[in-house]
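The values are calculated or read from the model by the stated rules, or taken from the named source; none is laboratory data. Quantities reported herein were computed from a predicted structural model and do not represent experimental measurements. Here Cβ is always computed from backbone atoms with ideal geometry, including for glycine, and neighbour counts include all displayed protein chains. Just the protein is used for accessible areas: all its heavy atoms, side chains included, with ligands, DNA and RNA removed. Shrake-Rupley method; radii C 1.70, N 1.55, O 1.52, S 1.80 Å.
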Amino acid sequence: MKVGYLGPQRSFTYQAAGTSFATEDLVAYPSIPTCLKDLEAGFLDFGVVPLENSLEGSVHATIDSLFHRPGLQVVREIILPIKQQLLTAKERPLSEIRRVLSHPQALAQSQAFLEEYLPQAQLEAVASTTHAAQYVQIHPEEAVAAIASKDAAGHYGLTIAQQDIQDNAGNQTRFWVVARPDRMKQSFEPAVKQTLLLTLPSNQPGALYQVLQAFGWRKIDLSKIESRPLKTSLGEYFFVVDLVCDKDPLLIANAITEIQLLGATVQNLGAYPITLVTEEPREDAGL
């Protein structure tokens, strides 16, 4: 079985993939669209992609790619804790550090620490925290630091100059395990959440209100609603709606039917269980 994930190896997405596919053939991809494209084409059995960080919000490439690939389904959500460390090649005062390298998400997640303790440092975005740690290892004489994980420090022989520098101790990232319907297996775990992608009928006043009313009067709880541009013309959007699966599935099915009768298009990504990882990931941190 082949499982694609957003690489490089030892990224947080790699760690997420390992929680569900510890013994499978994991294949790193340089981007989310290329991973999902190969999944749709049948070259992969599953794909694991990041969806949302609790500090930085949604990963738009995942939502947009799934919107344009309606044959793919979400089979599981994985939630990982994200802890960032400041790594250097050797011990040195923070005041001597002139550059800090990391993935853009890691830099953003550590913004308060960087502004307070490293105001003199130039921040440089790189492809992943793995690449940042590798650079610091290869250039030990430079006054440069990386933001990565504790495992990265051990793997690359780096010093942890400062621990847990993320802005929020509860920093987490959501990942989705995605599959084609013909590769899905029956799950005996109860579904916790269901995700719909909704496109409203054009030029119809109150359309969003009517759609939300279909959930409201049935007392179906929405845990998230977010708009994304359709990329057709300015002001046109589709909506990402997460439903809490604590009601009779027939209620949700009837709500979807009502929404479609109102003229909306519904792309059902499926109902799925959630795996919450409570321990810090052992692998290196990318996105």
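Things worth noting here:
- About its Cα centre, the chain has a charge dipole of approximately 520 debye under the convention of +1 per Lys or Arg Cβ and -1 per Asp or Glu Cβ, with nothing else charged.
- Estimated purely from DSSP H runs of n ≥ 4, each contributing -39500 (n - 2.57), the mean residue ellipticity at 222 nm for the chain is -8000 deg cm²/dmol once divided by its residues.
- Solvent exposure of the chain amounts to 46 Å² per residue of accessible area, where only protein heavy atoms count and the probe is 1.4 Å.
- The stretch 197-248: C-alpha gyration tensor shape, a/c 1.5 cut-off, then a/b vs b/c: oblate
- In a reduced charge model with +1 at each Lys and Arg Cβ and -1 at each Asp and Glu Cβ, the stretch 126-283 shows a dipole moment near 640 debye about its Cα centre.
- Against the chain, whose longest principal axis is taken from its Cα atoms, helix 207-216 shows a tilt of about 90°.
- The stretch 1-160, dipole about Cα centre (Lys/Arg Cβ +1, Asp/Glu Cβ -1), debye to the nearest 20: 160 debye
- Carbon plus sulfur fraction of accessible area for the chain, probe 1.4 Å, in percent: 52 percent
- Residue of K83, K219, K37 that the Gaussian network model of the chain assigns the largest fluctuation, springs spanning Cα pairs under 10 Å: K219
- Most positive-pole-ward Cα, V74, G154, L101, against dipole of the chain from beta carbon charges: V74
- Whether the stretch 126-166 is rounded, prolate or oblate, judged on the alpha carbon gyration tensor where a/c under 1.5 counts as rounded: rounded
- Sequence-distant lysines (8 or more away, or on other chains) whose Cα lies within less than 19 Å of K219: K193, K247
- Whether the stretch 1-79 is rounded, prolate or oblate, judged on the alpha carbon gyration tensor where a/c under 1.5 counts as rounded: oblate
- Taking volume of the Cα convex hull per residue in Å³ as calculated from this structure, the corresponding entry among (i) 160; (ii) 146; (iii) 122 is (ii).
- Helix 249-261 axis, angle to the chain major axis (alpha carbon atoms, nearest 10°): 70 degrees
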